[in-house]
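A short worksheet on the structure shown next.
The values are calculated or read from the model by the stated rules, or taken from the named source; none is laboratory data. Here the structure is a predicted model, which means the values were calculated and not measured. No Cβ is skipped: glycine too gets one built from the backbone with ideal geometry, and neighbour counts run over all protein chains shown. Note: areas computed on protein heavy atoms with side chains; ligands, DNA, RNA excluded. Shrake-Rupley method; radii C 1.70, N 1.55, O 1.52, S 1.80 Å.
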Amino acid sequence: MANNEVKKLAGQTAIYGGTTVLSRLLNYLLVPLHTYLFSNAADYGVVGELYAWTSLFIVILTYGMETAFFKFSQDDEIKDRVYSTVVGSLFVTSTLFIVLCSIFAQPIADWLRYPTHPEYVRWFAVIIGVDALTSIFFAHLRFLNRPIRFAAVKITNILVNVLLNLFFLLLCPWLLTKNPDSAFVNAIYNPEIGVGYIFIANLVASVVTLLMLFPGILKQKFVFDWQLWKKMFRYAFPLLIFGLAGIVNETMDRVLIKRLSLAAEPQASVGIYSACYKISILMTIFIQAFKYAAEPFFFRKAKDKDAKETYAEVMTAFVLVCSVIFVGIMLYMDLVQYFVGATYRVGLPIVPILLMANLFLGIFYNLSIWYKLTGQTKFGAYIALFGAAITLVLNWLLIPRFDYMGAAWTTFACYLSMMVVSYLLGQKYYHVDYDLKRILFYLFFAVAVYGLSLGVNRLFGIESVGVRLAVNTVILIGYLGVLAWMNKEMLRGILRRK
């Protein structure tokens, strides 16, 4: 039975994950464009820092209501009121945010140390407000199990963003080289905007997404239930604290590098760190796809007798896949490094550290189901605050000494600590018999295989990239063979037709 449930979750992960993989791949293809085009790492550092702030404020403006929506919508009698109440709440707060940021754009830009670019603040206010509002519309599509509609809107968003990036950053400059006096190009393109076109493309894509979702929104009957909202907010508030602390852990290192680094050009360090962080593309894509499918799945499964058995098997399968992704990326780093421009490759040593850190974060997401199912979301907030404290203290200590490498090790320590604490508390309040021996084996085996690759190549002094890739391919095949042999029963269960 549990294997069938794992198979079902794998199918749902594939549905939403296929969209996420495609959209993320298209979006991540912009990273080579940006890092090759903006060879000054400080320019890309602006992008990394502003999107770090974006992540923080989207969490603030959604204030845990997405998870609250899934939780309270389990009651069929009130699910329509739950949706309309959340939509009304997010609409008011998002609109207020956009208005206030537009009014105080210059003081905010001064504080961010971009005094000549208050337009960045206005652009990002709209991006953040619109994305916060549309997050609940996407959650509703997931709740209704409408993956095609979900996929169509998501992919359109990314395509608009990518195409506008190509238009402004490649096509317009090329057209100007052919015809510097082109009235059309000069009317819509200003070379001095530079990285600002990355933000403009994002802004247009967000607005297009809202317009695509709007017809479906208008079909809903909207009723704001104040009493229901208070119940939902009480449930969601700890998740807001959890989210804020989580964003501190995930993205605030970019801000802290700029403020704490003693490097000659801290903004360049932010750019290098941000670019190399995104080399973990496959890991983050899989984790994001898993999260989309897992949260509603875990809530639905909670009523079944074999729920805990399923959760344990899902965890084991999750760690297995993430371990394979880690090994695959690291064994082919000779190729993967070209994902970023040459200026940024000095930061490649942080990649294995951040990959493993994100694997720990993925495990933590799996473990977090215990406090969501038991309604003890306050523990999620406590754990995230604990992680945020580690992030702030270690970054304060390590960044001045080790620059962005200190930020990478801080991320590793933070997610490892959160994972361990969540496991220990979960075993006390919602015991699940996770297969710790197998999970730990997968983790250590992955690191050992990476170490074997480094050892073999150094022992024999292999300098040729082609030979090194061939050796690593043999190692990868052996690694996958061992895993396939160990998991032959699980693989049969997942692949077997009903």
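A Förster radius of 56 Å combined with the Cβ-Cβ distance from Val465 to Asp304 puts the calculated FRET efficiency at roughly 0.65. For the chain, what is the mean residue ellipticity at 222 nm derived from helices alone (per DSSP H run of n ≥ 4: -39500 (n - 2.57); sum divided by total residues; nearest 500 deg cm²/dmol)? Per the formula, -27000 deg cm²/dmol. Fully extending the segment from Ala389 to Ala263 would add 43.0 nm, taking 0.36 nm per residue of separation and subtracting the current Cα-Cα distance. For the range 220-272 versus the range 411-489, the inter-centroid distance based on Cα atoms is 30 Å. To the nearest 10, the accessible area of Thr343 is 60 Å² with a 1.4 Å probe.
Over 32 Å between Cα atoms, which of Lys221/Lys372; Lys378/Lys488; Lys79/Lys488; Lys301/Lys488 qualify? Violating the 32 Å Cα-Cα cut-off are Lys378/Lys488; Lys79/Lys488. The local environment of Arg142, defined by Cβ-Cβ distances under 13 Å, has a net charge of +3 under the rule Lys, Arg +1 and Asp, Glu -1. Can you work out the FRET efficiency for the pair Glu77 and Lys291, with r the C-beta to C-beta distance and R0 = 25 Å, to the nearest 0.05? Efficiency for this residue pair is about 0.35.
For Thr374 and Phe402, the FRET efficiency from 1/(1 + (r/R0)^6), where r spans their Cβ atoms and R0 equals 35 Å, is about 0.30. The 3J(HN,Hα) values that the Karplus relation (6.51, -1.76, 1.60; θ = phi - 60°) gives for the range 452-461 are, in residue order, 4, 4, 4, x, 4, 5, 6, 4, 9, x Hz. Gly and Pro appear as x.
Here the label points at Leu96 and Glu489, each 7 Å from Cα along the C-beta direction, are separated by 5.6 nm in the simple model. Subtracting the Cα-Cα distance of Leu26 and Phe233 from 0.36 nm times their residue separation leaves 71.0 nm of extension gain.
Would you mind finding the longest exposed-site-free stretch of the chain, with exposed GluC sites (Glu not before Pro) meaning DSSP loop and at most 11 other Cβ atoms within 10 Å? By the stated rule (loop sites, at most 11 other Cβ atoms within 10 Å), 78-462. Accessible surface calculations at 1.4 Å, restricted to protein heavy atoms, place the range 340-498 at 49 Å² per residue.
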